[in-house]
Structures are given as structure tokens and as C-alpha cells.
Amino acid sequence: MHHTGIEKVVYGVEDIKSAVKFWRDFGLESIEEDGSHAVFAAQNGATIEVFPCDDPDLPPPPSVDAQSTVREVTFGVRTSDDLASLKDKLSAADALTKEADGTLHASDPLGFGFAFRLAQCEPIKPDSIETNVPGNIKRLNQRGQKFDRATPLIMSHIVYVTDDLETHKNFYIDTLGFKLTDSYPGRGYFMRCADANNHHNLFLLDPGKGKRSFHHLAFELGSIHELFGGGNNMTRNGWETMIGPGRHPVSSCYFWYFKNPCGGAAEYDFDSDVVDDNWQPRQWESTPENFAEWCLGEGMGEALLHKQIQNG
Ligand SMILES: [Fe+2]
């Protein structure tokens, strides 16, 4: 299987106006806005689409608890043979549908909507950020770049809270061909699309509360300066930090999460691990310290970490 990563995420939302402002401030490019529907894009062409949550054409949410939430994530595949193979594997899946261009829509065993289409996102070649290290000077007589906002490069991963972790994980790995990158055994699994090099494109987490929901969607940025500039811009615009900035030991990235009126959170990341089939998956102990080696946000330190993880 040659799936390549996240191409599109569809939300059903209660407040389109707030959703539009959020994604504009977050730094995505506005592609289409008509008051009842909006499309935004990251630099590689991956899109966010928002619709009213009562739109009858939207896939159903996995739980009725949240009105505003993700309804479907679309992953790219390299070839039409990949789509044909997936169609065979999914023949028993709930409500499998196929569009004229071959795009497949279905839902996983826990009711989270997903799709596969021929990959449309473009490879990106961002400008490199030159950094000065004593003995390794890359920026002589040049001031460093200041970022007033972020412009996310790609959508890297989506995270679901699940109440049947093994069934959920086995479906993505055994049926859809995702690969395990790292894990909190019995608690969470980090998985990537087979032909993607992101540390994870999907993380399934079971906090043990018997709930299933969308948790967050993550975007990669081009520098730590952009992460702080983007986070500051979101804060200036009134968006509330969920947690961050900070740094994850698993995947090694700097992060900053913002509460999203579309549901869950949206995460800025920088300097995540990039992996291929030579990567050695590791089993991590599920501790607050393995969620964040440090972080700021509503407070600081271990008490905040425990609170965030308990809240799922
Ligand atoms: Fe994340």
C-alpha cells in the first residue's frame, strides 16, 4: 500500500464565522468562502473544509457529544491500483462509497469517517532558515527573520480519542496498511501512512474514559521562530492556548496547541522526527513527562501536564 499522508480534513461546525476567522489567523490560505462553506489550504495544497454541522451530506460524527468536530479525513494514495486494493479490503466497511475519480469514502470500526484519493498535494521546498552556532556561522551580518504569523507547510497528523484501542489500531494497521512508529502500550499508538515519512499521520489515544472523539489536527512549520510568531499571532487574535509552547519527547517536536471552534485543537509543530522503514519503534511509558519534557500554557510544570492528560 502506498498511502502518502493527510490531504484533506472536513469539519462540521456550529459557527462558520468563527471557524473562518480561526483558520485565517492560523495561517492557512483562503481558497473559497461563501458564508456557509469555506476551504483553506496549507502550503502543500492540503485543505481544510468547513460546513454547517447540520449539513445532511456530511458523514456522521463518531459521537453525538460534540456538535463541532471532524467528520472525515482524506489520505492520499499514489496509484489507482492502491485505490482498487483498498476498495477490496473495505468491501465490508460501513457505507463504502466510490466517486467517479476513484475516491473511496467509508468509516472505521469506531465510526470515524475517512477517505482515500489519488494524492494531489504537492512536494514543498521551503526556504531554509539559516542559524548561527558558534563555530558554524550561517548568517553573517544578517539579522534573523521575525515572524508575525505562521504559514503552515503541511497537515502532518490527526489524533482521535478511542474507547477500543486494539480494534481501532488493528484496523488501520492490518486492514489499511498503516505502519506503527511508536507506542504507549495499551494506551496509545503512533502510526504513519506506508509511504509517508512523518513520525505519525494518526495517533490513537485511550485515556480510559470510555469516550471516542476527535482530539486535534497538527501542522508542520518551517522554524522555531515561526512557531513562536504564529503562536503569538493566535494569542493576539484572542485564541486560547490548549497547551504550549512545549516539546514532545515522542516525535521530538516543539509544539503549541490552540483550542479550535471547529472542535478539538489545532497544533503547530516544528522539527518533528522524519522516519522510514529503518526506524526502530519504541514502547514509551505513558507518563506526563513522556507527553512533554517541558511546556507552558495555562500554567507550568507537572501539575499542568497531569491536568491536561486527565482531560484527554
Ligand atoms: Fe499532535
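The values are calculated or read from the model by the stated rules, or taken from the named source; none is laboratory data. Treat the numbers as computed from the prediction; the structure is a model and nothing was measured. Using ideal geometry, Cβ is built from the backbone for each residue, glycine included, and neighbour counts are taken over all protein chains shown. We work out accessible area using only protein heavy atoms, side chains counted, and drop any ligands, DNA or RNA first. Shrake-Rupley method; radii C 1.70, N 1.55, O 1.52, S 1.80 Å.
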Would you mind calculating the relative contact order of the chain from Cα pairs under 8 angstrom and at least 6 residues apart, reporting the percent as a whole number?
-> 18 percent
Note: the stretch 1-122, point scatterers on Cα, Debye, no solvent; log10 I/I(0) at q = 0.18 Å⁻¹ equals -0.98
To one decimal place, what orientation-averaged projected area in nm² is obtained for the convex hull of the Cα set of the chain?
-> 16.8 nm²
Go ahead and estimate [θ] at 222 nm for the chain from helices alone: -39,500 (n - 2.57) per DSSP H run with n ≥ 4, summed, over the residue count, rounded to 500.
-> -5000 deg cm²/dmol
Leaving ligands, DNA and RNA out of it, work out the accessible area of Ile137 with a 1.4 Å probe and give it in Å² to the nearest 10.
-> 100 Å²
Between Asn290 and Asp81, what is the label-to-label distance in nm when each label sits 7 Å out along the Cα-to-Cβ direction?
-> 3.9 nm
Determine how large the accessible area of His248 is when every protein chain is in place; take a 1.4 Å probe and give Å² rounded to the nearest 10.
-> 20 Å²
From the square roots a ≥ b ≥ c of the eigenvalues of the alpha-carbon gyration tensor of the stretch 81-123, which class results: rounded (a/c under 1.5), prolate (a/b over b/c), or oblate?
-> prolate
Accessible-area ranking of Cys53, Cys262, largest first, probe 1.4 Å | Cys53, Cys262
Could you tell me how many degrees, from 0 to 90 and to the nearest 10, lie between the Cα long axis of helix 80-89 and the main elongation axis, the longest principal axis, of the Cα atoms of the chain?
-> 60 degrees
Would you kindly derive the ³J(HN,Hα) couplings of the stretch 192-201 from the backbone phi angles with the Karplus curve 6.51 cos²θ - 1.76 cosθ + 1.60 (θ = phi - 60°), listing them in order in whole Hz, with x for Gly and Pro?
-> 10, 5, 4, 9, 9, 10, 5, 3, 8, 9
If amide H atoms are modeled at 1.01 Å from N in the peptide plane, then the residues at a separation of 5 or more from Arg149, or on another chain, having amide H under 5 Å from its own are none
Does the stretch 94-146 classify as rounded, prolate or oblate by the C-alpha gyration tensor (a ≥ b ≥ c root eigenvalues; a/c under 1.5 gives rounded; else a/b over b/c gives prolate, otherwise oblate)?
-> prolate
Per residue, accessible area of the chain with a 1.4 Å probe, heavy atoms of protein chains only, in Å², comes to 47 Å²
Quick one: ranking Met234, Met1, Met242 by accessible area, 1.4 Å probe, largest first, what do you get?
-> Met1, Met242, Met234
Choose one answer from Ala84, Ala218, Ala196: the residue with the largest mean-square fluctuation in a GNM of the chain with alpha-carbon springs under 10 Å.
-> Ala84
Plugging the Kirkwood radius over Cα pairs into Stokes-Einstein for the stretch 180-283, at a temperature of 37 °C and a viscosity of 0.692 mPa s, what D comes out in µm²/s?
-> 223 µm²/s
If a/c stays under 1.5 just call it rounded; otherwise compare a/b with b/c (prolate if a/b is bigger, oblate if not). Do that for the stretch 78-177, with a ≥ b ≥ c from the square roots of the Cα gyration tensor eigenvalues.
-> prolate
Computed over the Cα atoms of the stretch 1-56, what is the convex hull's projected area averaged over all directions, in nm²?
-> 4.6 nm²
Summed side-chain charge close to Arg187 - residues other than Arg187 whose Cβ falls under 10 Å, Lys, Arg +1, Asp, Glu -1 | -2
Where the accessible area of the chain is counted over protein heavy atoms with a 1.4 Å probe, how much of it, in %, is carbon and sulfur?
-> 47 percent
Would you mind checking the tilt of helix 16-26 against the longest principal axis of the Cα atoms of the chain, expressed as 0 to 90 degrees and rounded to 10?
-> 40 degrees
Output the relative contact order of the stretch 105-195, whole-number percent, from Cα pairs under 8 angstrom with separation of 6+ residues.
-> 19 percent
Under 12 Å, Cβ to Cβ, from Gly238 - net charge with Lys/Arg +1 and Asp/Glu -1 = +1
